[in-house]
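The values are calculated or read from the model by the stated rules, or taken from the named source; none is laboratory data. It should be emphasised that the depicted structure is a prediction, and the values quoted were computed from it without experimental measurement. Using ideal geometry, Cβ is built from the backbone for each residue, glycine included, and neighbour counts are taken over all protein chains shown.
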Amino acid sequence: MQKIKLARDEWEYDPSSQLGKAGGCGEVFRGTGEGSQDVAIKRLKLGVTDSAMRELEMAEELIGSNLGHVIPIFDAGRDANSGQYFIVMAVAEKSLQDEIIDRAGNFSEIEAVIILREIAEGLSEAQKIVHRDLKPLNVLKHEGAWKIADFGISRFIDEATSAHTLKESKTPPYAAPEQWDSEHATNATDIYALGCISYTLINGNPPFDGPSIADWKQQHTKKSPPKLKTSNPLLEVLVGQMMDKVAGSRPDIKRILEVLNNVASERQIPAKELEGGLAEIARVGAIVLGEQMNKKVAEIAEHSERAQRELLKINAVKTLEQEIIQPLFDKIEDIANARRIFKNTLQLGSAKMEFKPPVHSQAIVKDALKYCGWDLIAMAEISIVQESSMPYIWSASLFYTDKGEDSGYRWYELQFMTHPLMRSRRAYEPFASTDTNLIDIALSPTMGSMQLAAKPKPIDVEDFLSFQDRWSSLFAKGAQGQITHPRELPLKS
């Protein structure tokens, strides 16, 4: 037997008598206290660096509090001899996870509700502390009741070290969206986990099945949970609310207990026996909740997609300006004695080379080009303005886009021309365009007022040198007043 001395008493545990499998926070062993009292002693997984931090303290409200639905805690802290950290608690019969495995997930609805109510009682009794890792493995059978275990250990470890905050200590099938986003956990985080446990007991499995970490994150943050297999609209609505992606929209523990008590009470009329308007309003309530949840999930997914598009746009514009345009301008300025009038304008002879950065402050909305299928993120413009006795403007659009050909997002040079069947033509061709409606038609099989004047050309990475050579040559012609309307369009190269 191994002796330990904690803040309140001395205890013994048998390192060879482990209770259950080791968890993320530590291992539990069978132990004894004064008067041969049987206890479970949890040895926490904290390293030497952690033990050098300020002394670990368990929340005083839990030690010796004798709460009805929280596993009793007798002592906690740092062992004076070994320097390791321990929590001493009551010995339980089994975990809810064991019960789920033994019964292959087969619980009647009333059994599931009674278990959920007891877990909710535990959350209510210890509202001052956030569990952060509520799951069937941490719900234990003790003295005939289901009680929450490891309640407060998250904060217990947090207080031992600021370097290990447990933001990553979560169980994927039961972790709330805010935990996946590394946001602050609150009581609502435990409510979400209770909703996940509800699915495990009623449907036979957690709401989401992963299997990878990336899959679980996507499912918990962006996907609606499946339909709950219940005939009781009250229960369906409650669990749906507990699973809300937005923490602030989840019901508080008081409301949860009220509904669970109503569902479990034999004095209440089962929802399936409701008649007339009451039955109809209960059914509609469940439908409305489902619609609201789907709408909220869609809004969250849309927000996430917008954020990703903004990041794409920011990086793309940075690449265009710093790795494509400025090197082109700097090279011409160095070797041709061109004069930089403004940051994005060069003067050489009677011609100017001008670059117009993206005019849209945000990424272009998805499906702006709905006919051609290109996903356009940003667009800019480059032109040669010939100011000689033969004025001419030769311009091109620069698109950061995915052409839908598994080529990914790249910068492309696009030039347009008036469709040959149009009666009137533009004075200067080829030209740039920022009109997404006209561009969409020009890039699609549909005939419109304009079409491509040349094959789209990639201009980044290995294609930059071709882009540089093409526009340097055009600038040289413009400086000599030699740019004229092409003899034929579309251009062959």
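Tell me yes or no: at least one residue of region 409-418 is in the same structural domain as Asn437 (by TED's automatic domain parsing), free of Cβ contacts under 8 Å to residues at least 40 places away in the same chain and not charged (D, E, K, R). Yes - at least one qualifying residue is present in region 409-418.
Could you list all residues from region 321-348 that are closer than 13 Å to Ile382 by Cβ and polar (S, T, N, Q)?
Correct list: Gln326, Asn344, Thr345.
When restricted to residues that are farther than 16 Å from Gln2 by Cα, touching a residue at least 12 places away in the same chain (Cβ under 8 Å) and among the β-branched types (Val, Ile, Thr), region 65-111 contains 6.
Considering Phe151, Phe156, which residue is modelled with pLDDT under 95, of a type outside the set (A, V, I, L, M) and touching a His at 6+ places or on another chain (Cβ under 6 Å)? Spell out how you get there, then give the answer.
Working: Phe156 fails: touching a His at 6+ places or on another chain (Cβ under 6 Å).
Criteria check complete, one pass: Phe151.
Considered as a group, the residues in region 1-36 that are farther than 15 Å from Ile87 by Cβ and in a loop (DSSP other than H, G, I, E, B) include one that is modelled with the lowest pLDDT, and that residue is Lys21. Residues in region 189-236 that are touching a Pro at 6+ places or on another chain (Cβ under 8 Å), assigned to a loop (DSSP other than H, G, I, E, B) and at pLDDT 90 or above: 7 in all. I'd like to check something: does region 344-364 contain any residue that is touching a residue at least 24 places away in the same chain (Cβ under 8 Å), within 20 Å of Arg470 (Cβ to Cβ) and aromatic (Phe, Trp, Tyr)? Yes, region 344-364 has at least one match. Among the residues of region 355-374, the ones that are surrounded by 17 or more Cβ atoms within 10 Å (Cβ to Cβ) and either among the charged types (D, E, K, R) or touching a Lys or Arg at 6+ places or on another chain (Cβ under 7 Å) (or both) come to 3 in all.
Taking the condition of being over 23 Å from Pro391 (Cβ atoms) and either part of a loop (DSSP other than H, G, I, E, B) or aliphatic (A, V, I, L, M) (or both), how many residues in region 420-459 meet it? Total satisfying the criteria: 19. Scanning region 476-489 for residues that are crowded, with 16+ Cβ neighbours inside 10 Å and either within 30 Å of Gly408 (Cβ to Cβ) or β-branched (Val, Ile, Thr) (or both) gives Ile483, Leu489.
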